[in-house]
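The structure under discussion appears below in the form of structure tokens.
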Amino acid sequence: MNNKSKMSFGMFLLLTFLFIEFNVENDTVELQRFDQYFINLLGRSVTNTNTELFKIVSLFGSPLFSIGATMIICLWLIAHNDCFKAFWIISIQLSGSTVVEIIKQIVARLRPFHQLVVDRGYSFPSGHTFCTTILILTIFYLVIPKIGDEEFRLIVVLLGITWIGVVATSCVYLGNHFASDVFASLFLASGYWCIIVPYEKKVVRMIRPLWSKRN
């Protein structure tokens, strides 16, 4: 997919996010039915074992963990003399997380009433899903081009997508988010990534001379 196609697809994803946000802010009947469907669906699978497993998933899918993992990736890149890519990647994660927090405060959607694990703050969009998606897209971005075997490449992609799905499911299962929160975050993160990534070379060209003068 070329940069123009990425940006067009990114715009489509962001428009989809805005459509969900509109429904959230207006508390539409369709949105209520959508969220209730997933609440009922996952509610039938609530057991002590599942709850403990999803608590662990929630821990490793938290924004703190995802940002920390992204920083470790950046340190690895710096150790391999790729400071500019490290700067670019951590900037996407941190700026995206900031956008999520701003949207949370603007929309101010309350979390579901019945939480298996109490989480404070606002519900929309899901920080867990957003940061995890950016982390996985970062791994795809760095690793996929270096994998020659198509079958192994597919396995890596499927594992990454599965992890995003499991983290998103944990958010709804534990009652910390509505299903619309996690779907919206998935669209927001993917759209944000598709629109921002094509500008990497331009940003690096701007930063490189400044870095050279400083050193």
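The values are calculated or read from the model by the stated rules, or taken from the named source; none is laboratory data. Source: prediction; values computed, not measured. Glycine also receives a Cβ, built like all others from the backbone with ideal geometry; neighbour counts cover every protein chain displayed. Accessible surface is based on the protein model in full, side chains and every heavy atom, while ligands, DNA and RNA are left aside. Shrake-Rupley method; radii C 1.70, N 1.55, O 1.52, S 1.80 Å.
For the stretch 15-37, name all the residues that are within 11 Å of residue 184 (Cβ to Cβ) and aliphatic (A, V, I, L, M).
18, 20, 24, 31
Just to check your reading of the model, which residue among 99, 107, 57 is touching an Asp or Glu at 6+ places or on another chain (Cβ under 9 Å), of a type outside the set (Gly, Ala, Ser) and on the phi < 0 side of the Ramachandran plot?
Details: 99 fails: touching an Asp or Glu at 6+ places or on another chain (Cβ under 9 Å); 57 fails: touching an Asp or Glu at 6+ places or on another chain (Cβ under 9 Å).
Among 99, 107, 57, only 107 is touching an Asp or Glu at 6+ places or on another chain (Cβ under 9 Å), of a type outside the set (Gly, Ala, Ser) and on the phi < 0 side of the Ramachandran plot.
Just checking, how many residues over the stretch 42-84 are open to solvent by less than 40 Å² (accessible area, probe 1.4 Å), closer than 16 Å to residue 115 by Cβ and over 18 Å from the mean Cα position of the chain (by Cα)?
Residues meeting the conditions: 2.
Can you find even one residue in the stretch 2-19 that is open to solvent by less than 90 Å² (accessible area, probe 1.4 Å), within 23 Å of residue 173 (Cβ to Cβ) and modelled with pLDDT of 95 or more?
yes
Report, by residue number, each residue of the stretch 126-148 that is without any contact (Cβ under 8 Å) to a residue 12 or more places away in the chain and surrounded by 14 or more Cβ atoms within 10 Å (Cβ to Cβ). Steps first, answer last, please.
Here is the first cut: in the stretch 126-148, the ones without any contact (Cβ under 8 Å) to a residue 12 or more places away in the chain are 145-148.
Within the stretch 126-148, just 147 meets the criteria.
Which of (1) open to solvent by less than 90 Å² (accessible area, probe 1.4 Å); (2) within 21 Å of residue 107 (Cα to Cα) does residue 33 not meet, given it meets every other one?
(1)
I'd like to verify a number: residues in the stretch 149-173 that are farther than 17 Å from residue 117 by Cα and buried (at least 19 other Cβ atoms within 10 Å of the Cβ), how many?
Going through the stretch 149-173, the residues farther than 17 Å from residue 117 by Cα turn out to be 149-165.
Filter once more, keeping what is buried (at least 19 other Cβ atoms within 10 Å of the Cβ): 160, 164.
Matching residues across the stretch 149-173 total 2.
Counting just the residues of the stretch 96-112 that are of a type outside the set (A, V, I, L, M) and without any contact (Cβ under 8 Å) to a residue 24 or more places away in the chain, which one comes out farthest from residue 18 (Cα to Cα)?
98
Looking at the stretch 98-115, which of the residues that are part of a loop (DSSP other than H, G, I, E, B) and open to solvent by 90 Å² or more (accessible area, probe 1.4 Å) is farthest from residue 39 (Cα to Cα)? Give the steps one after another, and end with the answer.
First, pick out the residues of the stretch 98-115 that are part of a loop (DSSP other than H, G, I, E, B): 108-115.
Next cut, open to solvent by 90 Å² or more (accessible area, probe 1.4 Å) only: 110, 113-114.
Values: 110: 16, 113: 12, 114: 10 Å.
In this case the residue turns out to be 110.
May I ask you to say which residue of 95, 123 is buried (at least 17 other Cβ atoms within 10 Å of the Cβ) and modelled with pLDDT under 95?
123
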